[in-house]
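Peer 1: Just dropping this structure here.
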Amino acid sequence: MATKKDTSVAAKAHALRAKDIAGLQAEIKDLQKAHFGLRMQKATQQLGNTATLKITRRDIARAKTVLAQKQAAQASVKN
């Protein structure tokens with residue numbers, strides 16, 4: 001049974017798959033910058049919700065997975 005949380009993850013993955021490779025790389029870069037900022041906030045005791053670290057880390061992994069899939073598909077088309 002799909003919960004609300006499961007559908008939001010599917011929606012994020014669907015939105016990522018709609019982007020091209022350059023868009024995914026830009027998205028990953030933005031997410032990494034955001035994650036770095038959150039880590040700095042945590043180090044200086046300014047981060048109120050530490051769960052956002054986990055969320056951004058998973059978003060980065062999700063974007064990297066979609067990017068790898070697109071690059072593999074593009075490489076298989078070339079061969």
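Peer 1: Can you tell me the length gained on complete extension of the stretch ALA13 to ARG57, counting 0.36 nm per residue apart and subtracting the Cα distance? Could the numbers behind the result be given before it?
Peer 2: Values: separation 44, 0.36 × 44 = 15.84 nm, distance 1.43 nm.
Here the segment from ALA13 to ARG57 would lengthen by 14.4 nm.
Peer 1: Return the distance in nm (one decimal) between the two label points of a simple spin-label model at GLN41 and ILE21, each offset 7 Å from Cα along Cα→Cβ.
Peer 2: 3.4 nm
Peer 1: Compare the peptides 69-78, 26-35 by average per-residue count of other Cβ atoms within 10 angstrom and give them in order, highest first. Could you put the intermediate results ahead of the total?
Peer 2: Working: 69-78: 10.1, 26-35: 15.3.
Sorting 69-78, 26-35 by mean packing, highest first, produces 26-35, 69-78.
Peer 1: Over the chain, how many percent of alpha carbon pairs lie in each 5 Å bin up to the one with the longest distance?
Peer 2: Spelled out per bin, shortest first, that is 3, 14, 20, 19, 16, 13, 9, 3, 2, 1, 0.
Peer 1: According to a simple spin-label model (label point 7 Å from Cα along Cα-to-Cβ), what is the distance in nm between GLN71 and ASN49?
Peer 2: 3.2 nm
The numbers here are math on the coordinates, done by the rules we state, and not lab data. Quick caveat, the model's predicted, so the values are computed rather than measured. A quick note on method: Cβ atoms are made from the backbone with ideal geometry, for glycine too, and the neighbour counts reach across all protein chains shown.
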